[in-house]
Amino acid sequence: MSAMQNKLTHFAVNCDDVERGKKFYETVFGWKFAPWGPPGFFNSSDAGVMVAVQQRRELAPGLKMIGMECSFGVEDIDATQAAVEQMGGKILMPKVTIPGVGTLIFFQDTEGNVAGAMQYEKRG
């Protein structure tokens with residue numbers, strides 16, 4: 001069992017105006033962001049876990065991500081997806097691979113909460 005398994009590894013602040021959102025968190029918490037990944041995407045590790053400031057987007061048609069977006073590191077994305085569905089959750093965004101990072105799903109739990117699960121690529 002990996003130390004990464006099933007732990008909060010990343011959260012994102014979804015913004016309508018990325019520059020405004022980035023400036024807010026830089027000023028309020030002193031976090032420093034650097035460009036990472038696609039244009040308009042910024043990362044920082046100053047929060048104790050990886051935090052991103054990014055453009056708000058739809059996870060599925062008509063489902064705009066509101067609030068903070070949390071992702072949990074998992075060992076097996078397929079097993080996690082199966083468990084979500086078996087327990088009555090719903091897969092909102094099917095598996096997508098982010099090159100150099102890992103494979104991600106977004107799901108809704110039985111209480112209506114939305115979260116991500118990421119199987120990170122093995123390093124080293």
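Things worth noting here:
- Where strands (runs of 3 or more DSSP E) sit wholly within the stretch 71-124, those with at least 1 residues that are aromatic (Phe, Trp, Tyr) and surrounded by 12 or more Cβ atoms within 10 Å (Cβ to Cβ) occupy 102-108, 114-120.
- Any hit, the stretch 33-51, residues being within 25 Å of residue 109 (Cα to Cα), among the polar types (S, T, N, Q) and either surrounded by 16 or more Cβ atoms within 10 Å (Cβ to Cβ) or free of Cβ contacts under 8 Å to residues at least 24 places away in the same chain (or both): no
- Residue count for the stretch 62-98 under the criterion of being under 17 Å from residue 111 (Cβ atoms) and without any contact (Cβ under 8 Å) to a residue 12 or more places away in the chain: the result is 3.
- In the stretch 52-70, residue modelled with the highest pLDDT [restricted to those that are assigned to a loop (DSSP other than H, G, I, E, B) and surrounded by 13 or more Cβ atoms within 10 Å (Cβ to Cβ)]: 56
- Residue count for the stretch 2-31, restricted to those that are over 17 Å from residue 118 (Cβ atoms) and either out of contact with any strand residue (DSSP E or B) (no Cβ under 9 Å at 6 or more places or on another chain) or loosely packed, with under 13 Cβ neighbours inside 10 Å (or both): 9
- Every residue from the stretch 48-105 that is touching a helix residue (DSSP H, G or I) at 6+ places or on another chain (Cβ under 7 Å) and either of a type in the set (Lys, Arg) or within 26 Å of residue 22 (Cβ to Cβ) (or both): 53, 54, 55, 95
The values are calculated or read from the model by the stated rules, or taken from the named source; none is laboratory data. Please read these numbers as outputs of a predicted model, since none were measured by experiment. Here the Cβ is made from the backbone with ideal geometry for all residues, glycine too, and neighbour counts use every protein chain on show.
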